[in-house]
Each structure stands twice: as C-alpha cells, then as structure tokens.
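Here the structure comes first, spelled out in structure tokens, and everything after it is commentary.
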C-alpha cells in the first residue's frame with residue numbers, strides 16, 4: 001500500500017512541476033532574494049544580515065504559498081476534472 | 001457463476017437548499033451478469049446508468065443495497081484489481097503523456113515493472129494510439145482521450161470491464177474498432193458491462209441487455225427475448241408509379257414520388273409485399289428497416305413509463 005502512496009505522490013509532484021503556473025511564486029522568490037542584495041547595499045554595516053533575512057523570508061513565505069496553492073487545488077481539481085474516478089476505481093484505499 | 005450481482009442498490013439524493021427533498025436517482029435495482037457475457041445497460045439520458053456504474057465502482061455510496069463482483073464484496077480492494085473502468089467522457093492528467101499515464105495506472109493496479117512497459121505498448125497499439133510518444137494529453141482530441149480511456153481500462157488484464165458510453169466521441173471507424181475490441185475481450189473470457197444509449201451498438205454486441213428509465217429497471221433479457229413482442233417496420237421502395245393490388249390489401253400507405261413508390265409496412269408483411277411486387281413484375285429497389293426491433297421495444301417501454309407516470313400526476 002505504501003508503494004501506491006509513493007506512486008500517487010510522484011504523479012502529483014510531476015503534475016505540479018509541469019503545470020507552469022507554479023513557476024510564478026518561484027520566480028518571485030528569486031526576485032526577492034536578488035532584491036535583498038541591493039537592499040543590503042543601502043543598509044549600513046548590516047548587509048549580510050539583511051541578505052540572509054530577506055532570503056530566508058522569501059524561502060519560507062513562498063514555500064508556504066506554494067504548499068497552500070497546490071494543496072487547495074489538489075483534491076478539488078481531481079474531483080472537478082474527474083481524474084479521481086480512474087484512480088479510485090483501482091485497488092487504492094481511501095484512508 | 002454470476003460475475004456481477006447487484007442486490008437492491010438504490011440511490012436517493014437530497015435536493016434543494018432550505019427544504020431538502022429526497023430525489024430518487026435509482027430505485028432498488030436487482031441484476032445479475034453472468035461470467036463471460038457482454039451485457040448492455042441501456043437507457044435514455046439521465047436514466048441512472050452512470051449512477052449505477054459509479055456505485056459499482058465505489059465512487060458514489062448507495063443509499064441502500066449491496067453488490068458482489070466476482071463473488072466478493074464490491075468495495076473490496078482485491079476485487080478492484082480485477083476490474084477495469086472507463087468513466088463517461090474520461091479526462092486525465094493534462095500534463096502527462098499517454099505512456100506516463102498508463103504507467104501510473106499500471107503502478108496503482110499493481111502490474112510489476114518490466115511487464116508494465118510491455119503492456120503499455122501493447123494496449124496502446126490495441127486501441128489504435130500510435131505516434132503519440134511525448135505528446136501530452138492536453139493536446140489529445142476527444143476521440144484520442146476516449147481511446148486512452150479504454151486503454152487504461154484493459155491495461156491490467158482485468159476479468160470484468162465496465163465501460164460507460166465507450167463509443168461516445170469516436171468516429172464511425174473508431175466505433176467499429178471499439179466494437180471489435182469488446183468482442184475480442186469476450187473471446188479472452190472477460191465479462192463486459194457497458195452502458196449506452198446507442199441501440200445499434202447494443203444490438204450488434206450484447207448477449208443480454210437491461211433497459212432502465214428514470215431509475216427503474218424496465219426489462220432484462222437477451223435481445224431476441226425482449227424484441228419478440230414488438231416488430232419493427234420496414235420501408236419498401238420499388239420502381240414505377242403503380243401500386244399493386246396485393247400491396248393495397250396489406251393496408252400500406254403508398255407514396256409516389258417521381259418514378260418510385262415507397263410504402264411502410266410491418267416486418268411480418270415483408271415477404272407478402274415482395275411476392276406482390278414480383279407478381280406484378282415490378283423492380284424492387286430497397287427494403288430498409290425503419291426502426292430496429294430493439295429500438296421499437298425501447299421506445300415502447302419508455303412511452304409506457306411516461307404514460308403511467310402521467311396518470312400518477
């Protein structure tokens with residue numbers, strides 16, 4: 001059964017990666033990290049600190065955003081598009 | 001042995017926002033499908049065909065009743081490994097290719113690795129999907145998706161195959177191929193249960209059919225059994241402008257158009273009509289069934305149910 005969960009997880013991951021909408025938050029995260037360098041330059045003495053802080057903020061913030069957005073879409077999309085039917089009609093337990 | 005046994009499955013939905021009223025989608029249904037049979041499940045749109053199939057697949061929970069597939073409880077995961085299902089208007093993961101999709105379904109159905117690769121190629125060829133390597137499913141046409149759907153239903157070599165409207169979205173050639181495929185599946189010893197509203201498909205394929213309307217079963221049996229009571233009509237066309245006396249005595253209404261005459265008579269009078277034409281040495285052009293006998297039966301059953309419903313109101 002665990003193998004099946006792994007297969008489903010891999011498929012979900014593959015879908016998410018190929019669905020290019022998700023590249024937007026990643027691009028944003030990169031943008032903010034890059035901005036950190038400039039903002040760091042105008043700060044006095046604490047350049048390193050600003051870069052680290054903004055970089056880490058971008059990672060955690062957009063990590064949460066991506067998780068939430070994929071999470072919201074995941075089940076509802078499967079139900080809406082009826083892709084769930086072909087999965088649930090196979091030997092997969094629901095819980 | 002009965003491959004599928006439906007024991008009083010029924011479904012009632014609650015409709016309405018404030019005042020919830022029960023709406024019956026399916027009255028208690030009792031049905032048995034024998035092993036190795038092609039069974040057609042017929043009914044007009046909205047009759048409850050898809051609801052029944054969804055319940056059998058465990059996608060919708062029945063209000064009451066139970067079913068067995070291959071002698072086991074129908075929601076047992078072990079049973080699911082031995083059945084294939086094609087949903088109505090199948091729709092799959094947009095960003096996968098057909099190979100990846102089938103590989104995924106193969107994994108879920110527990111087909112071992114090396115075998116899976118071989119099977120995927122084999123089924124794709126079987127449903128007529130070639131030259132699609134690397135093409136994502138969102139670029140597929142409706143007919144191609146339908147074929148991919150059929151491929152995933154038979155991928156893991158199931159013993160019972162459920163097909164919901166397998167011919168929809170296919171061109172005439174495609175329909176023919178699917179028909180042949182269903183017959184092949186039967187030859188391999190599989191049981192096929194398919195729903196359709198296209199009667200000619202059912203007539204060409206099914207060992208037995210069930211007719212359902214407004215959630216109620218109207219008749220079950222082989223096509224011959226069901227259509228014994230009704231006979232279809234045939235249209236006879238012959239050359240000339242004269243109507244032979246023998247034809248008139250059959251009570252046929254004849255219409256003369258240009259150089260041909262057409263008459264609609266019942267199937268049983270067909271031979272008498274041919275004799276009448278031959279006696280007069282008239283050239284017969286065609287005899288075409290106006291309506292197949294299954295269709296007549298179907299229409300009769302549906303009209304019957306409408307009139308009874310009408311009297312209740």
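The values are calculated or read from the model by the stated rules, or taken from the named source; none is laboratory data. None of the values given here were measured: they were computed from a predicted structure. As a convention, Cβ positions derive from the backbone with ideal geometry for all residues, glycine included, and neighbour counts pool all protein chains shown.
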Can you confirm whether region B:96-113 contains a residue that is exposed (fewer than 14 other Cβ atoms within 10 Å of the Cβ) and more than 8 Å from chain A (Cβ to nearest Cβ)? yes
Among the candidates B:169, B:174, B:219, single out the residue that is more than 21 Å from residue B:298 (Cα to Cα) and not in a helix (DSSP H, G or I). B:169
Selection within region B:58-75 - more than 9 Å from chain A (Cβ to nearest Cβ) and part of a loop (DSSP other than H, G, I, E, B): B:60, B:61, B:62, B:63, B:70, B:71, B:74, B:75
When you check residue B:71 against the structure, is it more than 28 Å from the chain's Cα centre (by Cα) and surrounded by fewer than 16 Cβ atoms within 10 Å (Cβ to Cβ), yes or no? no
I'm trying to understand the selection: among the residues of region A:19-69, which are within 14 Å of chain B (Cβ to nearest Cβ), surrounded by 14 or more Cβ atoms within 10 Å (Cβ to Cβ) and either assigned to a helix (DSSP H, G or I) or within 10 Å of the chain's Cα centre (by Cα) (or both)? A:22
Any idea how many residues of region B:147-162 are within 13 Å of chain A (Cβ to nearest Cβ) and assigned to a helix (DSSP H, G or I)? 7
Would you tally the residues in region B:279-299 being in contact with a strand residue (DSSP E or B) (Cβ under 8 Å, 6 or more places away or on another chain), surrounded by fewer than 17 Cβ atoms within 10 Å (Cβ to Cβ) and not in a loop (DSSP other than H, G, I, E, B)? 6
Hey, among the residues in region B:82-95 that are at pLDDT 90 or above and in a loop (DSSP other than H, G, I, E, B), which one's farthest from the other protein chains (Cβ to nearest Cβ)? B:82
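Could you list, in sequence order, the residues of region B:203-219 that are farther than 16 Å from residue B:36 by Cα and buried (at least 18 other Cβ atoms within 10 Å of the Cβ)? Reasoning before the result, please.
Of region B:203-219, the ones farther than 16 Å from residue B:36 by Cα are B:203-204, B:210-219.
Listed by number, the residues that qualify are B:210, B:211, B:212, B:213, B:214, B:215, B:217, B:218.
Do we have any residue at all in region B:221-230 that's in contact (Cβ under 8 Å) with a residue 40 or more places away in the chain, touching a helix residue (DSSP H, G or I) at 6+ places or on another chain (Cβ under 9 Å) and within 30 Å of residue B:81 (Cα to Cα)? Please lay out each step first, then the result.
We begin by selecting, within region B:221-230, every residue in contact (Cβ under 8 Å) with a residue 40 or more places away in the chain; these are B:223, B:226-227, B:229-230.
From the residues that got through so far, the ones that are touching a helix residue (DSSP H, G or I) at 6+ places or on another chain (Cβ under 9 Å) too are B:223, B:226-227, B:229-230.
Add one more test, that the residue is within 30 Å of residue B:81 (Cα to Cα), and what stays is none.
The answer is no, given that none of the residues of region B:221-230 is in contact (Cβ under 8 Å) with a residue 40 or more places away in the chain, touching a helix residue (DSSP H, G or I) at 6+ places or on another chain (Cβ under 9 Å) and within 30 Å of residue B:81 (Cα to Cα).
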Conditions (1) within 14 Å of another protein chain (Cβ to nearest Cβ); (2) in contact with a strand residue (DSSP E or B) (Cβ under 9 Å, 6 or more places away or on another chain); (3) surrounded by 16 or more Cβ atoms within 10 Å (Cβ to Cβ); (4) within 30 Å of residue B:125 (Cβ to Cβ): number failed by residue B:55: (4)
